[in-house]
Every structure is written in structure tokens, then in C-alpha cells.
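All remarks here apply to the structure that follows.
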Amino acid sequence: MKLNIVLVEPEIPQNTGNIVRTCAATGAKLHLVEPLGFQISDRYLKRAGLDYWDKLEIERHISFKEFLNKYDPLKTNMFFITSKGTHRYDEPKYEDMDEVFLLFGKETKGLPEDVMKNYIDKTLRIPMIDGIRCLNLSNSVAIIAYEVLRHHNFEYLKETSDKLLK
């Protein structure tokens, strides 16, 4: 199973750095859709991602339109993650999918509403109590990425440590 994490115009380098670590730990491919709110050389980004940059595949896209043209939402298992989503993130049958794309919008505005309205049946949300706007981006990525992987029984992930507590 191939997992793709797509960040559309991310703004906060620390969030992206944390997501780099999640992608490295899970074998997910990271897609960065420009414009970015930081430089890839940003020290906060590198600090948060530590030494994981060489352990994952990253694909950059010059715009969201270019990304959607390359990866058609109607021909892929693509999900748009938003606090306004119509389905819970644990509803799709990920175990039946060979490849999954999880799209996350920028921290201040999320994904463009016009795009989400076009794919309303592909929108997912994480349940929260009323009055809370949203979770942190890097936390949301981790929650849903591991749900997808759980549906595949964490295939290819190491489940035990070489350094067990004694």
C-alpha cells in the first residue's frame, strides 16, 4: 500500500518538519504544494525534521491546480481532510485501496472550499467537541496516516523494538 501525504500551501515550518518525521517513520510519500509559507532551508523546518529528510520521498508541485491535474481525485483514492468534512476519517475501507492520498490545507485557512465542494463525498473530518476550530496540522496527519496503516495491519512497519524495556 502506498500512502501519500499532501500538504497544500503549508505555512508553519515546525508542522511540516514534524510531518516529515511522520512520513519517514511510516514510509509515506510527502507532496508539498506551493506556495510554501517558508523556505525548505528554514532552520525551524530542518530542526523539526531533524535528520529524516533523506529517509522519505518528497514531490513538489508548483500549484494546487497542477497537483489535481497530475493526480485526478476521481481516478485515485484521494481524501480531503477538513473540519467541515462529511465523513469521519475512520469510515473509508482503506484496506481495499492500494494507494491513498490524504490532502491537508494550510494552517490558517485549510483547503479551498470550492475544491472541497466539488469532491464533497471525499471529505473527511476528525471528530472534536463543539466550539473547537481544528487540531494541529501535524497531529491530524499522524492520526489519519496511522488509521490508514492500521487498516493494512501496519504492513511493512516494524512492530517491535530492538531495545525493549527490561
- Task: Could you tell me whether the range 123-131 includes any residue that is at pLDDT 95 or above and among the charged types (D, E, K, R)?
- Result: yes
- Among the residues of the range 26-45, is any crowded, with 21+ Cβ neighbours inside 10 Å, at pLDDT below 95 and in contact with a helix residue (DSSP H, G or I) (Cβ under 9 Å, 6 or more places away or on another chain)? yes
- Item | Complete set of residues in the range 93-115 that are buried (at least 19 other Cβ atoms within 10 Å of the Cβ) and in contact (Cβ under 8 Å) with a residue 40 or more places away in the chain | Tyr94, Val100, Phe101, Leu102, Leu103, Phe104, Gly105, Lys106, Leu111
- Restricted to the range 116-166, and to residues that are acidic (Asp, Glu) and closer than 27 Å to Asp72 by Cα, which residue is surrounded by the fewest Cβ atoms within 10 Å (Cβ to Cβ)? Asp121
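The values are calculated or read from the model by the stated rules, or taken from the named source; none is laboratory data. The structure presented is a predicted model; accordingly, all values stated were derived computationally and were not measured. With ideal geometry, Cβ positions are generated from the backbone for all residues, glycine too; neighbour counts draw on all protein chains shown.
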